[in-house]
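Readers should treat all values here as calculations from the given coordinates under stated rules, not as data from a laboratory. Because the structure is predicted, anything quoted here is derived from the model rather than measured. Cβ placement follows ideal geometry from the backbone for every residue including glycine, while neighbour counts extend to all protein chains displayed.
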Amino acid sequence: MAVLLSTEHLTKRFRGLLANEDLSFTLAKGEVRCIIGPNGAGKTTFISMISGHLEPTAGRIWFRDQEITRYSVPRRAQIGIGRKFQTPSVFEGLSAFENLELASMRRAARSTQERKRAVDSILDTIRLSDRRDMPAQFLSHGQRQWLEIGLLLANEVELLLLDEPTAGMTAEETDATGKLVRHLASDRNLSVIIIEHDINFIRELNAPITVLHLGRMLCEGTFEEIAEDERVREVYLGTAAHA
Amino acid sequence: MTMEVKPGRDMAVASRSRMALIRGEDLAAIVVFALLAVIPFVVSGYAVYILPQYMLLGVLAMSLAILWGYAGIVSFGQAAFFAIGAYALGLIMKYATLPVNVAYVGILAGMIGAALIAMIIGYFLFSAGVRSAYFVVATLALSIIVEQTVKSFSTITGGWNGLYVDRMTLTLGPFLEMSLFDDVPMYFTVLAVVIVAYLSVMTVMRSSFGKILVGVRENEDRMLALGFNVPAYKTLAFGLSGLLAGLAGALYATHASFAHPSNAGVLFSTQVVIWTAIGGRRSLLGAFAGAIIVASLSNALSAIKAIQNYWPLIQGLIFIAVIVLFREGLAGLIETIFRKRHHGRAT
């Protein structure tokens with residue numbers, strides 16, 4: 001499989017704190033990857049270096065065949081890297097439709113009709129068709145999470161960085177989010193990196209997992225492999241291992 | 001069930017999204033412009049003389065609404081662009097001899113000059129990530145710089161005495177000219193320009209460009225993370241705002257037959273912010289009407305001795321009330337009233 005994203009010895013130091021150390025990571029095109037790890041493991045720091053919101057102290061980042069280590073946030077978005085933030089970042093005063101329409105405007109559409117159709121199809125994908133004209137600020141937390149994923153779709157990104165997409169969701173919504181992520185990878189051939197805490201969600205997703213601990217990569221593998229790993233049980237699944 | 005919107009009246013307000021801005025604004029615009037077109041047939045004298053000046057102040061307020069209402073950028077530099085327009089026309093009409101209508105060249109020079117200066121300043125400030133209060137301070141400085149420059153080059157500009165500007169002449173064809181020396185032709189010329197300016201800006205603001213500006217206002221960091229070149233859009237918006245303010249300034253100078261350093265001043269810039277806030281910064285028409293209403297009131301009340309001294313204070317209080325109570329000004333207030341009445345009838 002073709003490699004879409006790779007990082008080489010990526011390191012981030014905040015004054016005395018080593019948030020990420022020597023992370024070498026690869027993601028294939030069309031792959032879904034979960035990143036897990038206890039609080040303070042450096043998951044969000046890692047995502048932020050890929051999205052361009054943080055500059056690495058050392059190491060390099062490659063996307064397709066370009067080195068993007070020093071690219072700005074907008075430039076990375078332009079080449080196809082989209083990020084969903086831990087706290088949903090949408091256009092609060094605009095309706096769901098207007099949110100997506102706006103995100104699609106970075107690219108020229110052949111016609112307004114075509115743009116409208118594309119937006120309506122995304123609304124359907126993210127299960128917000130019946131909330132089309134409601135301002136984002138009145139959507140539930142879970143719906144806003146979906147809307148933000150929709151923004152990335154309307155923006156036509158190739159890699160989605162999802163920071164805790166199921167936070168604040170009901171069990172049913174979490175389930176739908178899992179289906180949505182699988183749909184993105186299998187039907188739209190998009191690549192996804194997900195930071196998650198919800199063990200049930202991670203198990204259901206059945207995607208390769210990377211475990212971070214204290215800024216370093218602890219191990220990588222399938223859910224079963226990770227669950228059996230002694231070191232992981234020790235640092236992370238220790239209490240949840242019986243689940 | 002997660003959070004839902006309460007039904008009823010709240011829902012009517014809630015379901016209105018920001019992108020639509022003021023709905024029914026088209027209808028309101030027709031009413032306002034029709035009213036302005038009828039006035040010279042009904043009254044004569046001072047009102048017909050002074051109203052075009054107020055309309056041009058309205059255009060100046062519109063230039064701020066583009067920035068403040070759409071892109072969420074507050075500028076205290078609008079007077080600077082207005083003065084650039086005024087002096088460009090005044091100086092070109094005074095010193096240049098051209099084979100074409102000098103006033104046309106002067107107006108164009110004022111518009112383009114103001115737009116270019118706005119874009120140069122905007123480019124550096126926006127690229128450097130200067131936002132909100134810091135941007136306000138920079139635009140305040142711009143007003144002061146233009147005012148001081150005009151005062152310093154007094155041999156050319158007339159300095160603190162101001163600059164006399166002729167009433168322009170319209171060239172309508174190779175052999176047809178029309179003087180705007182009289183107030184009625186001047187009135188209709190200004191009204192026509194104002195309508196064209198309003199429609200043009202409205203068209204731009206309803207295009208994806210305007211929607212992208214609203215996105216910047218609503219969530220600038222999200223726009224950056226979606227790959228939009230936000231500094232470029234802000235620079236263009238600032239340029240368009242300068243263009244419009246420059247046009248207003250040039251026409252104002254020829255109408256008033258005068259350009260003055262205070263046209264660039266901080267005090268005048270503050271007035272523009274007040275008109276726009278009172279009229280409604282989210283609505284081009286609201287800002288336009290706000291300027292006309294407040295300027296007319298200022299004029300009418302200054303004739304009354306008892307109120308005259310307190311008028312700036314009253315304006316200040318109205319401004320604070322608008323900021324605290326009706327964030328979307330008169331336009332927002334009128335819209336809410338219509339919406340409630342409509343909603344009441346529907347249920």
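In table form, for the structure just shown:
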read-out	value
Coordinate range along principal axes, alpha carbons of chain B, Å, largest first	75, 51, 48
Computed [θ] at 222 nm, helices only, for chain A once each DSSP H run of length n ≥ 4 contributes -39500 (n - 2.57)	-10000 deg cm²/dmol
Around A:HIS53: net Lys/Arg minus Asp/Glu count, Cβ-Cβ under 10 Å	0
In sequence order, calculated HN-Hα J values of region B:65-77 (Karplus, 6.51, -1.76, 1.60; Hz; x Gly/Pro)	4, 4, 6, 6, x, 8, 8, x, 10, 8, 10, 9, x
Residue among B:GLY110, B:ALA47, B:GLY72 farthest towards the positive dipole end of chain B, charges placed on Cβ	B:GLY72
Principal axes of region B:202-337: Cα extent on each, largest first, Å	57, 38, 24
C-alpha center-to-center spacing [region B:96-111, region B:259-322] in angstrom	31
Ratio of the Cα radius of gyration of region A:92-156 to 2.2 N^0.38 Å, where N counts its residues	0.99
Coil-residue chymotrypsin sites (Phe, Trp or Tyr not before Pro) of region B:147-199, DSSP, other Cβ within 10 Å capped at 16	B:PHE153, B:PHE175, B:PHE181
Centre separation in Å (Cα based) which lies between region A:112-185 and region A:206-220	27
Part-to-part distance (alpha-carbon centres) for region B:174-210 and region A:1-76, which is given in Å	55
Kirkwood hydrodynamic radius of the protein assembly as shown, Cα pairs, Å	26.9
Intensity falloff of region A:110-243 expressed as log10 I(q)/I(0), Debye formula with alpha-carbon point scatterers, at q = 0.17 Å⁻¹	-0.96
Share, in percent, of DSSP beta bridges within the protein assembly as shown that are antiparallel, nearest 5	60
Over 32 Å (Cα to Cα) - which of A:LYS84/B:LYS211; B:LYS305/B:LYS340; A:LYS12/B:LYS211 fall in this group	B:LYS305/B:LYS340; A:LYS12/B:LYS211
Tilt relative to chain A, helix A:171-186 - C-alpha long axis, 0 to 90 degrees, to 10	90
Exposed trypsin sites (Lys or Arg not before Pro) absent: longest stretch of chain B, with sites in DSSP loops and at most 13 other Cβ within 10 Å deemed exposed	B:24-326
Global size of chain A as Cα Rg and Dmax, reported in angstrom	17.9, 56
Using alpha-carbon coordinates, inclination of helix B:266-279 to the longest axis of chain B, degrees	40
Region A:106-150: trypsin sites (Lys or Arg not before Pro) falling in loop per DSSP and having at most 15 other Cβ within 10 Å	A:ARG107, A:ARG110, A:ARG132
Dimensions (Å) - region B:31-130, Cα atoms, principal axes, largest first	53, 39, 18
Hull volume in cubic angstrom per residue (convex hull over the Cα atoms of region B:102-261)	135
Computed [θ] at 222 nm, helices only, for chain B once each DSSP H run of length n ≥ 4 contributes -39500 (n - 2.57)	-24000 deg cm²/dmol
